[in-house]
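Novice: Encoded as structure tokens, here's the structure I'll be asking about.
The values are calculated or read from the model by the stated rules, or taken from the named source; none is laboratory data. Bear in mind the structure is a predicted one, so any value in this text is a computation, not a measurement. Here the Cβ positions follow ideal geometry from the backbone for every residue, glycine too, while neighbour counts run over all protein chains shown.
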Amino acid sequence: MGQAIGQMLTMAVGVALSPIPIIASVVLVGSPRGRVNGPAFVVGCAASAALIGGVLLAVGVGSGTSDSGGPSTGTSALKLVLGIVLLGMAARQWRGRPAGDDDPPLPKWMGALDGFSPPKSLLGGLVVTGLNPKNLLLVAAGAAAVASAGATAGEEAVAWAIFTLIAIVGVATPVVISYAMGDRSEELLQRLRTWMAHNSGVIMAVILLLIGVKLIGDGIAGL
């Protein structure tokens, strides 16, 4: 199980540091029903990651070993392809970063978050993880890494539970800060939101670059 956890750790951290879900979490905890909306959003993000990873592990994505006990050729090829795709996305994020002090445009749905109910916040968490291409690819890469470690079904389940917990650290942080600091958290969370919004392109470019290079290296080594 240790190998499975080690293989997926980078991808889990990548999901945790994804800026858009963190910004959405900050907005939701500052909404009129933020004390409920924030936790509901975190639960939605966790459920989405757990469900997607569970399905991928159940169908055996990235599973299989070679005669030498290492990852199979199919698994290595999958990692190589995922790595190349992530590098392409990293380049796109870097080219799209804002110039100077300009802030990049946020998704239009961000403007509706203040009026969200708890069920909508839960659904938002499901969508922002399950339908965000960058997060979806990172979750898929994490599931492939866990499946290729040769662990038992029980060990895979534990490893994926750990993946899910790590993946929601980013969106859970604003909620924890809000509960711990109360009204005093408003200024801190606003600064976090502003910083994440301005640097989102660079943050994701670096994350995708590092994970893409790792997957390509793993894929080439296994071929």
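Novice: Just checking, does the stretch 101-115 include any residue being in a helix (DSSP H, G or I) and either at pLDDT 90 or above or surrounded by 16 or more Cβ atoms within 10 Å (Cβ to Cβ) (or both)?
Specialist: yes
Novice: Could I ask something else about it? For the list (1) modelled with pLDDT of 85 or more; (2) under 17 Å from the mean Cα position of the chain (by Cα); (3) not acidic (Asp, Glu), I need the number of the one condition that ARG191 fails.
Specialist: (2) is the only condition that ARG191 fails.
Novice: Further, regarding this structure: Within the stretch 1-40, work out how many residues are over 14 Å from the mean Cα position of the chain (by Cα) and more than 18 Å from MET196 (Cα to Cα).
Specialist: 16
Novice: Looking only at the stretch 195-206, count every residue that is more than 18 Å from the chain's Cα centre (by Cα) and in contact (Cβ under 8 Å) with a residue 12 or more places away in the chain and tell me the total.
Specialist: Qualifying residue count, the stretch 195-206: 1.
Novice: Do any helices (runs of 4 or more DSSP H) lying entirely in the stretch 116-223 carry at least 2 residues that are surrounded by fewer than 23 Cβ atoms within 10 Å (Cβ to Cβ) and in contact with a Gly (Cβ under 6 Å, 6 or more places away or on another chain), and which ones are they?
Specialist: 118-130, 185-222
Novice: Of all residues in the stretch 133-174, count the ones that are in contact with a Leu (Cβ under 9 Å, 6 or more places away or on another chain), modelled with pLDDT of 85 or more and of a type in the set (S, T, N, Q).
Specialist: Counting residues in the stretch 133-174 that are in contact with a Leu (Cβ under 9 Å, 6 or more places away or on another chain), modelled with pLDDT of 85 or more and of a type in the set (S, T, N, Q) gives 1.
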